[in-house]
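The values are calculated or read from the model by the stated rules, or taken from the named source; none is laboratory data. Everything numeric here is computed off the predicted structure, so don't read it as measured data. Please note: Cβ atoms are built from the backbone with ideal geometry, for glycine as well, and neighbour counts cover all protein chains shown.
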Amino acid sequence: MKGTHILALITATLWALILVMGFSGIESVRSQHVPGFPSAGQIRYYVYFPAALFALVIVMWALAARWRQLKAPALALVALALLVLPGYLVFYTGGM
């Protein structure tokens, strides 16, 4: 079970940092009072998506810790959330 905890902790920490950066980025744009920014799409991409994956990782971590039979699916979803991170960061930073 220790491997599950380590993987979930790393994944949750990374998504939490991305979420904090998203909040600060959106607030930075909002403070400049640019018309039309931040758009709904930007808020979804920079705040809602990381928040959803962070919540998914935390819930899967708790379920895996509580019920042993959910360990494999929870571990798979946590690993998938970690594997999504590089692709997400490509577009987060402006593309290739």
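Looking only at segment 1-21, residues that are at pLDDT below 95 and within 14 Å of ALA51 (Cβ to Cβ) come to 0 in all. Being surrounded by 11 or more Cβ atoms within 10 Å (Cβ to Cβ), modelled with pLDDT of 95 or more and touching a Ser or Thr at 6+ places or on another chain (Cβ under 8 Å) holds for only one residue in ALA76, ALA81, and it is ALA81.
In segment 84-95, what count of residues is obtained for those that are assigned to a helix (DSSP H, G or I) and loosely packed, with under 10 Cβ neighbours inside 10 Å?
Here is the first cut: in segment 84-95, the residues assigned to a helix (DSSP H, G or I) are 84-92.
Filter again for loosely packed, with under 10 Cβ neighbours inside 10 Å, leaving 86-87.
Qualifying residue count for the region: 2.
The rows are residues; the columns are (1) in contact with an Asp or Glu (Cβ under 8 Å, 6 or more places away or on another chain); (2) part of a helix (DSSP H, G or I); (3) among the β-branched types (Val, Ile, Thr); (4) buried (at least 16 other Cβ atoms within 10 Å of the Cβ).
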{"position": "LEU14", "(1), (2), (3), (4)": "no, yes, no, yes"}
{"position": "GLY22", "(1), (2), (3), (4)": "no, yes, no, yes"}
{"position": "ARG30", "(1), (2), (3), (4)": "no, yes, no, no"}
{"position": "HIS33", "(1), (2), (3), (4)": "no, no, no, no"}
{"position": "TYR48", "(1), (2), (3), (4)": "no, yes, no, no"}
{"position": "ALA62", "(1), (2), (3), (4)": "no, yes, no, no"}
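Filtering segment 43-53 to residues that are touching a helix residue (DSSP H, G or I) at 6+ places or on another chain (Cβ under 7 Å) and either modelled with pLDDT under 95 or within 13 Å of GLY22 (Cα to Cα) (or both) leaves ILE43, TYR46, VAL47, PRO50, ALA51. Of the set (1) within 22 Å of PHE91 (Cα to Cα); (2) of a type in the set (Gly, Ala, Ser); (3) over 16 Å from the mean Cα position of the chain (by Cα), all apply to ALA62 but (1).
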